[in-house]
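Okay, so here's the structure we're looking at.
The values are calculated or read from the model by the stated rules, or taken from the named source; none is laboratory data. What you are looking at is a predicted structure, and each value in this text was computed from that prediction instead of being measured. Ideal geometry is used to build each Cβ from the backbone, glycine not excepted, and the neighbour counts take in all protein chains shown. Protein only, heavy atoms only, side chains kept; ligands, DNA and RNA dropped before computing areas. Shrake-Rupley method; radii C 1.70, N 1.55, O 1.52, S 1.80 Å.
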Amino acid sequence: MRVFRYGSAMALLVGLLTVAHAQDTPTDISKKELPKKAHCVVCTVRGSGEGEEKPAAGVRYKGTAYYFCNAKEATEFKKEPETWIPLPLPRPAPDFMLKTLTDTEVTKETYKDKVLLVDFWATWCKPCIATMPELQKLYADYAEKGLVVLGISIDEKGAKVVKPFVTKHKFLYPMALDAGEKPMWQAYRVKGVPALFLIDKEGNIVRQWLGKPDKIEVEKAVLELLK
């Protein structure tokens, strides 16, 4: 049996703690270690990813390498790395409490036993506006079968700009304003709009789309849950 002296044991413990701390601290990957092509994690989370491209920077965090299309994104990642790491699916949807444009309070529990499609959007977001007629059609086609489409506006001016916009475009699915002290978009880790989350009848996020989604793919996923 091998016996460590006190000093040796302490040195070993300090070494292990140092390694553990290093794993929790984002560290830069040298230029020569960067792959020829990779997905930019920041662009992917924001929904603006363009597939694999030549990375400009890389960061290693908790044993995983993350790549970026420019150095500024790497710096942004290192400030709050946990907010950029994609979460697993399925996962429990965070609770929320919002008011709709009709001043009705809605929560996650409001849509219990329903298939819920949550759309984070803004009046100034062109991809959002392009997606909304597709969501309107989904709502019209499948509401009677148990689908709820819930639009969540992140507009800072709130109902002042959202109400006339919704009226003008004749969107009929529920619209809520995300203007509380703890905004829903933060709980759902939304970094850019549009951001679409599909929640099953048990309250779990089973699919998500960042950026303008493929309408056929979304409809297929909705139908799977409505069976």
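Looking at A122, A71, A130, which is the one that is free of Cβ contacts under 8 Å to residues at least 24 places away in the same chain and among the aliphatic types (A, V, I, L, M)?
Values: A122 fails: free of Cβ contacts under 8 Å to residues at least 24 places away in the same chain; A130 fails: free of Cβ contacts under 8 Å to residues at least 24 places away in the same chain.
One residue alone meets the criteria, A71.
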What number of residues in the stretch 114-155 are open to solvent by less than 10 Å² (accessible area, probe 1.4 Å) and either among the aliphatic types (A, V, I, L, M) or part of a helix (DSSP H, G or I) (or both)?
13
Unique match (being under 18 Å from W185 (Cβ atoms) and polar (S, T, N, Q)) among T75, T100, T104, T167
T100
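Checking the condition open to solvent by 40 Å² or more (accessible area, probe 1.4 Å), polar (S, T, N, Q) and modelled with pLDDT of 90 or more, which residue from T75, T100 passes? Explain how you work it out, then say what you get.
Values: T100 fails: open to solvent by 40 Å² or more (accessible area, probe 1.4 Å).
Exactly one residue qualifies, and that residue is T75.
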Unique residue being open to solvent by 30 Å² or more (accessible area, probe 1.4 Å), closer than 24 Å to D95 by Cα and at pLDDT 95 or above when the list is E217, E202
E202
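From the list E134, E202, which one is among the acidic types (D, E) and closer than 30 Å to G51 by Cα? Working first, answer last.
Details: E202 fails: closer than 30 Å to G51 by Cα.
One residue alone meets the criteria, E134.
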Which members of the stretch 167-188 meet the condition of being part of a loop (DSSP other than H, G, I, E, B), out of contact with any strand residue (DSSP E or B) (no Cβ under 8 Å at 6 or more places or on another chain) and either modelled with pLDDT of 95 or more or open to solvent by 70 Å² or more (accessible area, probe 1.4 Å) (or both)?
K170, L172, A179, E181, K182
What are the pairs with Cβ atoms under 7 angstrom where one residue, in the stretch 82-102, is among the β-branched types (V, I, T) and the other, located anywhere, is surrounded by 12 or more Cβ atoms within 10 Å (Cβ to Cβ)? Sequence gap at least six, or different chains.
T83/R189; T100/V106; T100/P174; T100/M175; T100/A176
Within the stretch 41-63, which residues are surrounded by fewer than 20 Cβ atoms within 10 Å (Cβ to Cβ) and touching a residue at least 60 places away in the same chain (Cβ under 8 Å)?
T44, R46, S48, G49
